[in-house]
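In what follows, a single structure is set out as structure tokens and then discussed.
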Amino acid sequence: MSAIAPERAGVTTQAIEGSQPVRLAPNYWPFVVPALVVVGAVIVFPWAFTLWMSVNSWTLGQSRSFAGMENYLRLASDPRFWESLWHTLTYTFLSVVAPMFFGTVAALIFDARFPLRGLLRGLFVMPMMATPVAVALVWTMMFHPQLGVLNYLLSLVGIPAQEWIFNPNTVIPSLVAVETWQWTPLVMLIVLGGLASVPREPFESAEIDGANAWQQFRYLTLPMIAPFLMIAVIIRTIDALKSFDIIYAMTQGGPGTASETINIYLYNTAFSYYDMGYGSAMAVVFFIVIVALSFILLMLRQRSQWIDAEGK
Amino acid sequence: MASVTINNVQKAFGNAKIIHDVSVDIADGEFVILVGPSGCGKSTLLRMIAGLETISAGKIAIGEHTVNNLRARDRNIAMVFQNYALYPHMTVADNMGFALRIKKADPADTASRVKRAASILGLEKLLDRYPRQLSGGQRQRVAMGRAIVRDPQVFLFDEPLSNLDAKLRVQMRGEIKALHQRLGTTTIYVTHDQIEAMTMADKIVVLHDGLVEQIGAPLDLYDRPANLFVAGFIGSPAMNFIHGHVEEGIFRSAGGLTLPLPEGIQPAEAAGRELVYGIRPEHIRATGQGLSGTVTLMEATGSEIFATVDCGGEVISCLFRERLALKQGEAVRIEIDRASAHLFDARTGQRI
Amino acid sequence: MGSRLLNKIGLFFGALVLVSPAILFFLWMISLSLKFEIDNGAYPPILIPERFAWSNYAKVFEENNFLLYMWNSVLVTGTATLLALLIGVPAGYGIARLKAERSAIVIMIARMTPGLSYLIPLFLLFQWLGILGTLWPQIIIHLVVTVPIVVWVMIGYFETTPMELEEAANIDGASSWQVFRLVALPIAKPGIVVAFILSIIFSWNNFVFGVVLASRETRTLPVAVYNMLSYEQVSWGPLAAAALVVTLPVLVLTMFAQRQIVAGLTAGAVKGG
Ligand SMILES: Nc1ncnc2c1ncn2[C@@H]1O[C@H](COP(=O)(O)OP(=O)(O)OP(=O)(O)O)[C@@H](O)[C@H]1O
Ligand SMILES: [Mg+2]
């Protein structure tokens, strides 16, 4: 109903045919309902169910019983969990930093014009689209300490052979190398999108003011693409935290548990030991870690935008 | 075809009241133009008639039927949008026949009606083209074609010519008018271009801040503006306004300038209040008598001369039809045509 | 002018250096898949062998039921993508028009949730429903990947299509459904192509769902190739050939639809899993 006080006396006496103003705008809900049902069934229901499972004790094949916070307490005192959390954070940190660096450099290059740019960009994007498991298999062969091509390439420049993923000390950096190889293109695309939105004029006036290439990058390009860099960091963080295929296919968390991230430990708990209650609790904590980290980064992003706006 | 009745209509978006209280009666077959400055609610009112916005209060009727609760698609009206809103994935013919296709009309009948509309608008050769392959003026015609194919009760136009260049605008103005004469469909046309309003309308509705300032035939609005807003809005260059009051039967401005009272005004009815004297630039002549002043600006277009004259502090703009050898800084005497002068109450803005 | 040209050549070589890991990797992958065991074990490694081992590819298909797994992959990815388009395109439209930002947040959170946390409850649900031996569990769970991609991409597209076209159609007498089908949908066709391609790629590549839910008969290709690694005497040639077979369709798609993929990913920056 209208919330407007009638301006003039005549309006109140005006009888409106038909009862109330109806919604004339098309009804869009029917378009959304099927998706809501599906999303409810395959996304929201699992969230709720996981939460419920996490306060139960249930190993598949045995009977279920209510366990309260037991699973969470067990998690807190599980050294393997803390170790896997540490692995996850190391792995994530490296898998954000390296692709961010290479991806930004690549975006700066691909933003310029040069011969065969389209073809090279197409090739550059390939790794990101390749099936991770297939990629992981080939990398495993390349990492082979005796027969792998990587050690051969190292020997050409006089570096001694490495054990790569077969040594607990080098396994995480080696996996990060694969992750970087695969996901640098995504960073590149996001930053490239940012660069495309950068206006040309400030650069022309900076050129006239005598700013050199580095100064232009530092004081013009970087602040302007900062929001896009932040988006890339957020997406990369989420994906690196969740990384499963590469690690599982190449090391299954090994050697020993040297590359076991939460995701791998979660998999083992739920689907090797079928400890569903404990696995669910782990999933909940893992989810909280992801959301918390994303949230922190989103806050930073807000700040970076704010700085960006102030700087103008 | 049908009449349109707008009765005490109001519109609010959330807390922002956009249309305060608008009533307009539009007769069957009439060409009505809504004018007003940007943001005054013209488009909103038109969209309420079209059924694209709900009506917060009041009533809109098309013909006999109140349409407040009818959806746009059930109102049997056609609308031409400012940027034409042609379906980019359909050919000109499909664009024009879309409404009939929706109605599941006989394809042969649709084709013949499209063809007829196309021939009226000179679009026969373009029927197989896509909108992106057309010029601005052609797109404009297709948009109109889409409207006339349907043979609706009412045509609605929302600034249909504002994306065209000046010359094309003049041409399309004539074509739309001719089309209306030919089809006789009730038409409501929104513009903020008062030349369009003056040349095309049977009746002009001047809107300002969601209220109707005046409704009338174009020349009525020009000759007898009901208030200061309409007086200033209609006519180009704009009417001169001089503040002052009536003293001993003549108008005396704040700066001491004296002017003859407009014809038909008794000194008694104007005495004792703050007034605004209005005179259009084209109703001032340089006859060698009257007010003396200095030319401060002078622009000759060939057919006419626009000049501003400083008469003791009051700057008055004038439009002379004859070739005068005026120079900037020169002294000049100008005479005001009493018969065409207006007097307004300064506080209420209403005509006296 | 001279320095300008030099600049371009410099950029070209810079790009070449950055692309080289990708090029070398895929070259090596092809090389591995075309070499006999002797050549693959040679030191120093051989890039181009004297004899090509085409038999590696034949072996992949002969010994591993690969055709069945490929068919499974096609069924799972195809069905999950088509279902996602069927419900996700209208949903993207509805959300864009309703300006329902909250539903977009649900999609964002879905994007953040690790795939494994869907697996536990859905695994139990499928077990309870008794459909674990069929392809349905995988098709359904792949919707977790495909629906958000489609919805996300489509929201972006429908937000950019002008409202006035739909209003014009409304006035022309079209119902909401007709407006969607006859006006909004055809205009959003490029967006649908992007959503389709991205959905196909990320569903095809998915591994984690299959590894838990697939039985011997219902494996998809990524799972099948992984199983070759674990259960066979590891023999590099056929393994690399299998890996190439798995990823080739996606790579070909990437090559042909590069522009759409770049557009889709730059705009929405989506990735499933
Ligand atoms: N959907 C909406 N929600 C809120 N405010 C709106 C909406 N549509 C229009 N308005 C406001 O209503 C007022 C009138 O808008 P309207 O489009 O009717 O103006 P107009 O007279 O057509 O102007 P113009 O000549 O610029 O087209 C404006 O102040 C506008 O900001
Ligand atoms: Mg408007």
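Would you check if B:Met96 is within 15 Å of ligand 1 (Cβ to nearest atom), touching a Lys or Arg at 6+ places or on another chain (Cβ under 8 Å) and under 17 Å from B:Val154 (Cα atoms)? For B:Met96, the condition - within 15 Å of ligand 1 (Cβ to nearest atom), touching a Lys or Arg at 6+ places or on another chain (Cβ under 8 Å) and under 17 Å from B:Val154 (Cα atoms) - is not met. Of the residues contained in region B:178-194, one or more are found to be in a helix (DSSP H, G or I), within 16 Å of ligand 2 (Cβ to nearest atom), modelled with pLDDT under 90 and within 17 Å of the chain's Cα centre (by Cα).
Residues checked against (1) more than 28 Å from the chain's Cα centre (by Cα); (2) more than 16 Å from ligand 2 (Cβ to nearest atom); (3) closer than 21 Å to B:Tyr189 by Cα; (4) aliphatic (A, V, I, L, M):
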{"position": "B:Lys42", "(1), (2), (3), (4)": "no, no, yes, no"}
{"position": "B:Leu45", "(1), (2), (3), (4)": "no, no, yes, yes"}
{"position": "B:Ala50", "(1), (2), (3), (4)": "no, no, yes, yes"}
{"position": "B:Ile60", "(1), (2), (3), (4)": "no, yes, yes, yes"}
{"position": "B:Tyr87", "(1), (2), (3), (4)": "yes, yes, no, no"}
{"position": "B:Ala111", "(1), (2), (3), (4)": "yes, yes, no, yes"}
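Counting only residues that are at the interface with chain C (Cβ under 7 Å from one of its Cβ atoms) and within 21 Å of the chain's Cα centre (by Cα), region A:39-54 holds 4 of them.
Among the residues making up region B:210-228, those that are touching a helix residue (DSSP H, G or I) at 6+ places or on another chain (Cβ under 9 Å) and either within 16 Å of ligand 2 (Cβ to nearest atom) or in a helix (DSSP H, G or I) (or both) are B:Gly210, B:Pro218, B:Leu219, B:Leu221, B:Tyr222, B:Asp223.
Being of a type outside the set (Val, Ile, Thr), under 25 Å from B:His180 (Cα atoms), assigned to a helix (DSSP H, G or I) and out of contact with any Asp or Glu (no Cβ under 7 Å at 6 or more places or on another chain) is the requirement here; does B:Arg132 meet it?
On the way: of a type outside the set (Val, Ile, Thr): yes; under 25 Å from B:His180 (Cα atoms): no; assigned to a helix (DSSP H, G or I): yes; out of contact with any Asp or Glu (no Cβ under 7 Å at 6 or more places or on another chain): yes.
Here the answer is no, as B:Arg132 does not meet what is asked.
B:Val9 meets each of the listed conditions (1) within 27 Å of C:Val179 (Cβ to Cβ); (2) within 12 Å of ligand 1 (Cβ to nearest atom); (3) within 14 Å of chain A (Cβ to nearest Cβ) apart from (2).
Being more than 10 Å from chain A (Cβ to nearest Cβ) and within 16 Å of ligand 2 (Cβ to nearest atom) is the requirement here; does B:Ile26 meet it? It is false that B:Ile26 is more than 10 Å from chain A (Cβ to nearest Cβ) and within 16 Å of ligand 2 (Cβ to nearest atom). The set of residues from region B:245-260 being touching a Leu at 6+ places or on another chain (Cβ under 6 Å) and crowded, with 21+ Cβ neighbours inside 10 Å comprises just one member, B:Phe251. Within region B:29-52, residues that are within 13 Å of chain C (Cβ to nearest Cβ) have Cβ atoms under 7 Å from residues that are near ligand 2 (Cβ under 10 Å from one of its atoms) in these pairs: B:Ser43/B:Asp158; B:Ser43/B:Val190; B:Leu46/B:Leu34; B:Leu46/B:Asp158; B:Leu46/B:Val190, counting only partners at least 6 apart in sequence or on another chain.
Residues that are within 15 Å of A:Leu150 (Cβ to Cβ) and not in a loop (DSSP other than H, G, I, E, B) were ranked within region C:26-47; the one that is modelled with the lowest pLDDT is C:Asn40.
Comparison of A:Ala112, A:Ala76, A:Ala107 shows that the only residue that is among the aliphatic types (A, V, I, L, M) and buried (at least 18 other Cβ atoms within 10 Å of the Cβ) is A:Ala107.
Taking the listed residues B:Ile6, B:Ile55, B:Ile18, B:Ile33, the one that is in a strand (DSSP E or B), touching a helix residue (DSSP H, G or I) at 6+ places or on another chain (Cβ under 6 Å), within 20 Å of B:Val154 (Cα to Cα) and among the hydrophobic types (A, V, I, L, M, F, W, C) is B:Ile33, with no other qualifying.
A Cβ distance below 8 Å, combined with a sequence gap of six or more or placement on separate chains, defines the contacts here; from region B:188-203, residues that are within 14 Å of chain C (Cβ to nearest Cβ) reach residues that are β-branched (Val, Ile, Thr) and away from ligand 2 (no atom under 15 Å from the Cβ) in the pairs B:Ile188/B:Val4; B:Ile188/B:Ile26; B:Ile188/B:Val32; B:Ile188/B:Val154.
Within region B:237-244, does at least one residue satisfy the condition of being modelled with pLDDT of 90 or more, within 16 Å of ligand 2 (Cβ to nearest atom), under 26 Å from B:Arg280 (Cα atoms) and buried (at least 19 other Cβ atoms within 10 Å of the Cβ)? For region B:237-244, residues modelled with pLDDT of 90 or more, within 16 Å of ligand 2 (Cβ to nearest atom), under 26 Å from B:Arg280 (Cα atoms) and buried (at least 19 other Cβ atoms within 10 Å of the Cβ): absent.
The values are calculated or read from the model by the stated rules, or taken from the named source; none is laboratory data. Everything numeric here is computed off the predicted structure, so don't read it as measured data. Here Cβ is always computed from backbone atoms with ideal geometry, including for glycine, and neighbour counts include all displayed protein chains.
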